[in-house]
Amino acid sequence: MNNKTILIRCDASHEVGFGHMMRCLALAEELRGNQGCKVVFAMRSAEIGFQEVREHGYAVMTPGAAENFNYHQWMKGIIQETKADAVVLDVRDDLPSDVLKDLRSGRILIVTIDDPSDRRLDADLAFYPPVPQLREMNWDGFKGVLYAGWEWVILRKEFTKTSKRIKNKRPVILVTMGGSDPEGLTLKAVAALDMVQQNFDAIVILGKGFQHHEELHELLLKTKQCFRIQNDVQNMAEIMAGSDLAVISFGTTAYELSAMGVPAIYLCLTGDHSQSASIFVNKGIALNMGVHDSVSKMELANTISRYLSDEHRRIKMAEQFKKIPKMDGARRIAALISERI
């Protein structure tokens, strides 16, 4: 066991979602449990995220309600206070690049997770899933080490274990739009599923940050199909193992479903997400509808219906999952960080 301290910078809120925080918690578990490191989180938003991290047993450093927030001074102060040996950055915010340049002069290990900004050029270790955007990035001046591929994808431990799929008498369709679903895509998916003519069972997962309960309730009063609603589930891997198809908002959930061998239909929040989704489509394990506001409920319903009617496609997709490398990035990255510090 070592006595090294790792500072993890991430956020979770209704606006940014919960994916960054959840994968950071998976990495923290490996760092603390298997590498013996002390892990501290630095978070700017929001209280719902702070609470989740604290419930997992980690200290959370926040900037409080300072009127003139200085990102550089805040990060530097936390690193000095915690005596951090490494900082892991998994943010898509306005963290200035000069913060990393300043940190490098202090001989602290800098790790970035899936960072599209120029900050990555000052990292010692940079990790990415095998997304096509990597080919478009300019890496001039980068002196760190780049790791990209399925094997570097960070998933919670429950998704890295071999799980036996459940055979259902009729298809089970899972709807899950992340921890917050800021665009209300759950409503679109439920409305689309209600247009599908085939027989199926539907499970709808609502995350902690879901804020469309009233609209969903009104919609469910009018639907012909029956939907089983579950809030803030703790056994997501088990639910996925019992599903035949998922309709989701593209993000971390896409990787989790792939690890469980479950085909999915994606609605994307951004064009960047849609581009990232192409790696799953090219592998033949998912269908991408593109950015959500360009997809009608009828188009989504027709796509679901065609999939349910195409047994050959379902069998072919099931075979393709076997070709996906094991996604155990949390273990791999934690081991590398521990080795480097």
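The values are calculated or read from the model by the stated rules, or taken from the named source; none is laboratory data. Keep in mind the model is a prediction, meaning the values are calculated, not measured. Cβ atoms come from the backbone with ideal geometry, glycine included; neighbour counts cover every protein chain shown.
Per-structure values
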quantity	calculated
Some residue of the range 175-192 being surrounded by fewer than 18 Cβ atoms within 10 Å (Cβ to Cβ) and over 28 Å from residue 46 (Cα atoms)	yes
The listed residue being over 20 Å from residue 21 (Cα atoms), touching a residue at least 40 places away in the same chain (Cβ under 8 Å) and not small (Gly, Ala, Ser), out of 80, 133	133
Output for the range 214-258, where each listed residue is part of a loop (DSSP other than H, G, I, E, B) and surrounded by fewer than 22 Cβ atoms within 10 Å (Cβ to Cβ)	221, 222, 223, 224, 225, 226, 232, 233, 234, 235, 242, 244
Hey, residue 20 touching a Leu at 6+ places or on another chain (Cβ under 9 Å), touching a residue at least 12 places away in the same chain (Cβ under 8 Å) and closer than 28 Å to residue 209 by Cβ or not	no
Total residues in the range 307-334, condition touching a helix residue (DSSP H, G or I) at 6+ places or on another chain (Cβ under 8 Å), closer than 30 Å to residue 113 by Cα and surrounded by 12 or more Cβ atoms within 10 Å (Cβ to Cβ)	11
Selected residue [part of a loop (DSSP other than H, G, I, E, B), in the same structural domain as residue 101 (by TED's automatic domain parsing) and either at pLDDT below 95 or of a type outside the set (S, T, N, Q) (or both)] from 154, 166	154
Given (1) among the charged types (D, E, K, R); (2) free of Cβ contacts under 8 Å to residues at least 60 places away in the same chain; (3) closer than 27 Å to residue 283 by Cα, number of the condition residue 214 does not satisfy	(3)
Some residue of the range 295-310 being farther than 15 Å from residue 262 by Cβ, assigned to a helix (DSSP H, G or I) and modelled with pLDDT under 95	no
Residues of the range 262-284 classified as crowded, with 22+ Cβ neighbours inside 10 Å and either assigned to a helix (DSSP H, G or I) or not assigned by TED's automatic domain parsing to the domain that holds residue 305 (or both), total	3
Residue selected from the range 236-257 under the condition over 16 Å from the mean Cα position of the chain (by Cα) and not hydroxyl-bearing (Ser, Thr, Tyr), by the criterion nearest to residue 190 (Cα to Cα)	245
Sole exception among (1) modelled with pLDDT of 95 or more; (2) touching a Lys or Arg at 6+ places or on another chain (Cβ under 9 Å) for residue 97, by number	(1)
Failed condition for residue 211, given (1) under 28 Å from residue 309 (Cβ atoms); (2) touching an Asp or Glu at 6+ places or on another chain (Cβ under 9 Å)	(1)
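Condition check ((1) modelled with pLDDT of 95 or more; (2) out of contact with any Ser or Thr (no Cβ under 9 Å at 6 or more places or on another chain)) across all residues:
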position	(1), (2)
42	yes, no
69	no, yes
72	no, yes
107	no, yes
119	no, no
